[in-house]
Structure formats: structure tokens, C-alpha cells
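Working notes for the structure below.
Each value in this text was obtained by applying a stated rule to the coordinates, not by laboratory testing. This is a predicted model, so every value here is computed, not measured. Don't worry about glycine lacking a Cβ; one is built from the backbone with ideal geometry, like all the others, and counts go over all protein chains shown.
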Amino acid sequence: MTSQLRILGLETSCDETAAAVVTRLPDGTAVTEADVVLSQLDEHSAYGGVVPEIAARAHVEALDTLIEEALTRAGITLADIDAIAATSGPGLIGGLLVGLMTGKAMARASGKPLYAINHLEGHALTARLTDGVAFPYLMLLVSGGHTQLVLVKGVGDYERWGTTIDDALGEAFDKTAKLLGLPYPGGPAVERAAATGNAKRFAFPRPLVGEARLDFSFSGLKTAVRQAAEGIAPVTDQDIADICASFQRAISRTLMDRIGRGLQRFHETYPDAVEPALIVAGGVAANQEVRRTLDELCARHRFRFVAPPHRLCTDNAVMIAWAGLERMALGMAPDDLNVAPRSRWPLDAGAQALLAYGKRGAKA
Ligand code: KG4
Ligand code: ZN
């Protein structure tokens with residue numbers, strides 16, 4: 001049994017600046033002592049997407065204040081922590097540099113170890129903090145930058161079973177919203193509009209459905225949405241609602257097929273697994289139709305569906321601190337202070353990079 005460990009986590013890979021203090025108790029459970037997140041949404045919304053240079057500057061301005069706030073909320077000083085964990089990839093390089101360099105400087109000044117954390121590992125391990133999920137399990141990460149189905153076998157032991165070959169799912173929501181004149185970020189706006197729409201009006205494509213591979217593709221769907229909107233221009237509010245509802249229906253049917261196959265493959269890989277878990281992460285996990293679809297699928301395939309609270313599904317520093325704690329508790333070595341940030345850093349080193357993947361940067 002390991003002793004009690006406390007880590008300060010830092011997250012700066014995209015458009016959220018975050019700091020957190022998390023303690024892991026000897027029984028493996030965690031206490032979040034501080035969780036501070038500053039979203040840069042307002043700075044980017046005028047541009048309809050994240051502007052890397054603006055993001056990096058905003059991290060520089062906010063991070064030290066956020067760290068102080070996290071320590072104050074936890075009622076501790078730097079002397080009371082055992083290690084520092086900072087996101088070092090994948091993500092926008094300017095932001096990563098700010099967080100990782102701050103982490104290094106604090107580690108050097110305090111003599112505490114530094115863990116350079118893969119942001120995707122943070123998402124992948126969150127369900128162990130919130131729900132104590134045991135290995136192995138499946139994670140579906142659906143955010144503005146990633147759409148991945150990952151087999152989580154252990155800390156640092158991942159197999160990527162599927163990824164998008166073009167747009168991420170959140171990106172498809174954002175682009176659809178933009179071409180319909182809805183505000184950024186598009187996901188919540190599309191979901192709101194879809195609530196009063198007719199999902200049967202447009203038959204949008206369901207890319208890769210029926211194929212044995214577990215990858216995703218959403219760019220054709222976006223093109224179909226554009227053509228539908230152009231075909232009936234000028235669009236009324238009801239047209240927009242119908243397009244959004246039909247778009248969500250196409251996504252739900254696509255997930256049904258892709259994830260259904262993934263759950264089947266899991267049972268084939270682990271025939272003795274009893275009610276294994278599918279965990280969801282990323283901003284798109286907030287979408288009620290996506291959740292309903294995954295919930296239904298899990299019931300059908302004898303899986304437990306785990307959706308951590310929204311605050312921990314989107315970008316935060318609690319998950320980075322927790323990934324550091326998992327590593328530290330296992331006795332895994334901390335990182336050298338020469339460690340460099342990596343804008344691309346797949347969880348599964350053996351997975352092939354897919355053509356055209358990551359056009360929008362490696363944001364998660
Ligand atoms: O994980 P996240 O907060 O940030 C990063 O991608 O880093 O995910 C943001 C994405 C955006 O593309 C946003 O449109 C999408 O999640 N999103 C949603 C919903 N809320 C946020 N997509 C569909 N339905 C929602 N309710
Ligand atoms: Zn993320």
C-alpha cells in the first residue's frame with residue numbers, strides 16, 4: 001500500500017488554463033482539494049475557433065494566479081505537495097510550453113519531482129478517480145480535437161482501436177453550427193436547435209457504417225449539411241432545427257454502429273469480463289442524444305456506461321494531477337527536467353497516424 005500522495009496539476013494544452021490539487025489516499029481513492037479552470041471562450045468566440053497565439057498569451061497571463069488560487073483553496077503551500085504534474089502534449093505548442101516550463105521551474109525551485117503528462121492519458125484515467133473503474137475498459141473521447149476509441153489496459157498501456165480519419169466529432173458540430181449561422185461553440189447551439197426539429201427530414205450520410213475497422217469520418221456529413229442548407233436557402237428557423245435534428249440522428253446512428261462493434265470486440269478480447277465499462281470523455285459527452293445512444297448500446301452489450309461529471313469530461317487539471325498520482329503510486333519514474341512538449345503525442349505509440357488526421361492541430 002502506498003502512502004498518501006498530493007500533486008499539483010497544470011493544464012494548458014488548448015483554451016482552458018487550469019490548476020488543481022489532488023490527494024490520493026492509501027486506499028487508492030482521491031480527494032480533490034482545489035480545481036480551478038479559466039476558460040478562454042470569450043477570447044476566441046469572435047474567431048469561431050481557438051487562435052493558438054491568443055491562447056498561449058492568455059495562459060501566460062493567467063497561470064501563476066491560478067496556481068496561487070489552487071494552493072490557497074487547498075489551504076497549503078508548495079512545500080506541502082509531493083510532486084508537480086503538467087500536461088506536455090498533445091496540444092497547441094505555445095500553451096504546452098507555458099504549462100510545462102512553469103511546472104519545470106516550480107520543480108527545480110522546490111526540489112519536487114515533475115511528471116510530464118499526456119493530456120489523453122488524463123482523460124483516459126479520469127473514470128478511475130470518479131468511479132474507481134478497474135482495468136481493462138474502453139474509453140470514447142469525443143472533443144473538439146479528438147474522436148478516439150481507446151482500450152485502456154493499465155497506466156501507460158493503451159491500444160487505439162479507432163480514430164477519425166478527418167474531422168473530430170466536436171469539430172463537425174462546430175462547423176455545422178457555423179454554416180447555419182449558429183454561435184460558437186457549435187455543439188450546445190446545434191443541440192438546442194435540434195430539440196424542436198424533425199430528425200427524419202434529411203437523410204444525411206452515416207460514414208464508415210458497416211465497415212469492420214473502428215475508425216470514424218465526419219467531413220462528408222458536414223458537406224451534406226452544407227448542400228442541404230444551400231438547396232433550401234434562405235433557411236428558416238424550422239429548417240435549421242430540422243437540419244440539426246437530422247445531423248444529430250446521423251451521428252447517433254454512426255456511433256451506434258462504430259461503438260457497437262468496439263464493445264463486441266472487447267467481449268471477444270476479454271471473454272471473461274463481467275460488465276466491463278465504457279467511459280466517455282470530451283465536450284461532446286454533454287450531448288444528451290450522444291449519451292442516450294451510448295447508454296442504450298451499453299445496456300445491449302452488457303457494459304457499464306460511465307460518464308464522469310461534465311466538469312471532469314472537458315479540459316481540467318484534476319485529471320492531469322490524477323494521472324501523475326497514478327504514475328507516482330505505481331513507482332513510475334518522474335520525468336527529467338529536459339523533457340520537451342509534444343504537439344503530437346499518440347497514447348498508443350504503435351498506432352499508425354492516419355492520413356489527414358489532426359489538421360486542426362492536436363487539440364484534445
Ligand atoms: O473537450 P472540450 O470542452 O474541449 C476541447 O475540445 O478541447 O470539447 C469542446 C467541443 C466543441 O467542439 C463543442 O462544440 C463540443 O465539445 N460540445 C458539444 C456539446 N457541448 C460541447 N457537442 C455536442 N453537444 C453538446 N451539448
Ligand atoms: Zn481534452
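Mind checking which aspartates and glutamates have their C-alpha under 15 Å from K104, skipping anything on the same chain fewer than 8 residues away?
E11, D64, D82, D335, D336
With a/c under 1.5 counting as rounded, go ahead and sort region 15-150 into rounded, prolate or oblate using the C-alpha gyration tensor (a ≥ b ≥ c being the square roots of the eigenvalues; past the cut-off, prolate if a/b is larger than b/c, else oblate).
oblate
Computed from the mean reciprocal separation of all distinct C-alpha pairs, what Kirkwood hydrodynamic radius does the chain have, in Å?
Its Kirkwood hydrodynamic radius stands at 20.9 Å.
For every other residue with a beta carbon closer than 14 angstrom to the beta carbon of L208, add +1 if it is Lys or Arg and -1 if Asp or Glu, then tell me the sum.
0
Among H301, H123, rank each residue by its count of other Cβ atoms within 10 Å, from fewest to most, as a rough exposure measure.
With the sparsest Cβ surroundings first, the list reads H301, H123.
Grab the eigenvalues of the alpha-carbon gyration tensor for region 52-115, scale each by 5, take roots, and send me the semi-axes largest first in whole angstrom. The partial results should precede the final answer.
Values: eigenvalues 93, 41, 14 Å².
That gives 22, 14, 8 Å for the three semi-axes.
So for E159, E121, fewest C-beta neighbours within 10 Å to most, what's the order?
Values: E159 16, E121 24.
Result, fewest neighbours first: E159, E121.
Note down the relative contact order for the chain as a percent, whole number, built from C-alpha pairs under 8 angstrom at least six residues apart. Working shown, then result.
Details: 779 pairs, mean separation 89.3, N = 364.
The value is 25 percent.
For region 289-332, what are the per-bin percents of Cα-Cα distances with bins 10 Å wide, up to the bin holding the maximum?
24, 32, 30, 14, 0
What's the percent breakdown of Cα-Cα distances in region 134-309 across 10 Å bins, shortest bin first?
10, 40, 32, 14, 4, 0
On full extension of the chain, what length is gained from E230 through T65, given 0.36 nm per residue of separation minus the C-alpha to C-alpha distance?
Values: separation 165, 0.36 × 165 = 59.40 nm, distance 4.75 nm.
Gain in length upon complete extension: 54.7 nm.
Tell me the label-point distance for the pair S3, D42, using the 7 Å Cα-to-Cβ offset, in nm and rounded to one decimal.
4.4 nm
Of L97, L125, how do they rank once you tally other Cβ atoms within 10 Å and put the fewest first?
Ascending Cβ contact count within 10 Å gives the list L97, L125.
Which one, E33, E16, E61, has the greatest fluctuation when you compute a Gaussian network model over the chain with C-alpha springs under 10 angstrom?
E61
Any chance you could give the angle, 0 to 90 degrees and rounded to 10, that helix 52-74 forms with the longest Cα principal axis of the chain?
Between helix and principal axis, roughly 50 degrees.
Given springs between every Cα pair under 10 Å in a Gaussian network model of the chain, which of L294, L41, L63 has the largest fluctuation?
In the Gaussian network model the winner is L41.
So for region 134-309, if I pair up every lysine 8 or more residues apart or on another chain, how many of those pairs have alpha-carbons under 27 Å apart?
On the way: K175/K200; K175/K222; K178/K200; K178/K222; K200/K222.
Lysine pairs meeting both conditions in region 134-309 amount to 5.
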